[in-house]
Each structure stands twice: as C-alpha cells, then as structure tokens.
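Inspection log for the structure reproduced underneath, given as structure tokens.
The values are calculated or read from the model by the stated rules, or taken from the named source; none is laboratory data. Nothing here was measured: the structure is a model prediction, and the numbers come from that model. Every residue, glycine among them, receives a Cβ derived from its backbone with ideal geometry; neighbour counts consider all protein chains shown.
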C-alpha cells in the first residue's frame, strides 16, 4: 500500500478497526489536531503510548460525532477504528506529532474455523457476564475480524497491541482463546474475593474460596 502522512495521538489505549473509542480532548495541540481532522474530514492515528515511548503500529479512528464542546474549547468525541498501520517515519512540523505510515490488513483471506469462533465467543460472553461489561453488547457475528470486537473486553494493552499487529484472524482467535482461558479463572477468583471482602474486615470468619 502507498504511504501517507497522518496525525498521531499517543494514548494508553489500543483501538481496533470498527470498534468505538470515546475521546476527551483538552490539550491545545490535540484541539488543533481534532479541528484539522474535522475540517479536512480526515482520520487520526491512535498509537499506544508506553513509558519508553510510542509503539510503531496503531490504528486510525474517524470522528463519528462531536458530543460536546466546552467553553474553554475542550471536546468530547465519539470515534471509531478504521485501518491499521505501521509507522515509517515521524514528523514534528506541527504542534502535534505526525507520521508517515503504511497501512496493512490481514494476509489470510480463508474463513476461520467455526469451532474456533464459537469458543472465542463463549469465552467473551463468560467474561462479559463475570465482569458486568454489558455495555460492550453482543458481538457482530458477521464481522470477518470478530477477534477485534471480542478483545475490547481485555485490559492488557501489550496483549491487545500484539493482536492489533497480527495479520491472521485464525491466529488472533487462537491467541485470544489461550489468553482468555487463563484469564477467566483468575478473574473469577478476584470477583469472589471482592464479594467476600466486606465481611472479613472486622474479625469475622474467613470465607472459603
């Protein structure tokens, strides 16, 4: 694919194609960036920011709705993921960071095995019920990249970034299932501890976990 210069917004978040991302814009440079994107009907590149710097791949978002504008110029936006990219070169000519990027998509085009998708969906629904993440809603089973929807429920940014870079839906679903089948039992233990903790702070009996 041809390379292109896009604005970059480093955040402690990983976004995937077609998944929603609400944003609160308050820094002056990002107000300028958002204003440019709205004016030009252009996308913004979201990249994971870490202590050591930004990662070298991310996903663009498109502004779907300007939810609220504050008197001081701050903005609440609803955006949605579009296309994944790799960073080729950084550009600091504007107040906000830009980068020359190359876009990519999955290399495999074969349908994923139904049992793999069903297993991932069952794991997702189990974790959604366990954590009360009902606001994420049911997954769109017609999405050929179902893994992106299902992965939204996880907080592990490094794992999410690895999924974002993976160019195989089958591979992503396998990794997602492996992760969830270890993560869900740990989360069940955490939720049980939360449930009994209020009764154990004042000399009461310890509950059995």
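Test residue 62 against the criterion of being in contact (Cβ under 8 Å) with a residue 60 or more places away in the chain and either in contact with a helix residue (DSSP H, G or I) (Cβ under 8 Å, 6 or more places away or on another chain) or within 19 Å of residue 152 (Cβ to Cβ) (or both), and give yes or no.
Spelling it out, it is not the case that residue 62 is in contact (Cβ under 8 Å) with a residue 60 or more places away in the chain and either in contact with a helix residue (DSSP H, G or I) (Cβ under 8 Å, 6 or more places away or on another chain) or within 19 Å of residue 152 (Cβ to Cβ) (or both).
Helices (runs of 4 or more DSSP H) wholly in the range 109-186 with at least 3 residues that are surrounded by fewer than 17 Cβ atoms within 10 Å (Cβ to Cβ) - which ones?
Those helices (runs of 4 or more DSSP H) span 114-131, 157-165.
Go through 88, 67 for me and flag whichever is closer than 14 Å to residue 5 by Cβ and surrounded by fewer than 18 Cβ atoms within 10 Å (Cβ to Cβ).
88 is the lone residue from the list that is closer than 14 Å to residue 5 by Cβ and surrounded by fewer than 18 Cβ atoms within 10 Å (Cβ to Cβ).
So, in the range 27-63, exactly how many residues are exposed (fewer than 13 other Cβ atoms within 10 Å of the Cβ), at negative phi and under 21 Å from the mean Cα position of the chain (by Cα)?
Total meeting the criteria: 2.
Starting from residues that are in contact (Cβ under 8 Å) with a residue 40 or more places away in the chain and assigned to a strand (DSSP E or B), keep the ones in the range 68-81 and report whichever is farthest from the chain's Cα centre (by Cα).
Filtering first and then ranking leaves 75.
If only one of 164, 149, 82, 98 is modelled with pLDDT of 95 or more, closer than 20 Å to residue 23 by Cα, out of contact with any helix residue (DSSP H, G or I) (no Cβ under 7 Å at 6 or more places or on another chain) and not assigned by TED's automatic domain parsing to the domain that holds residue 15, which one is it?
164
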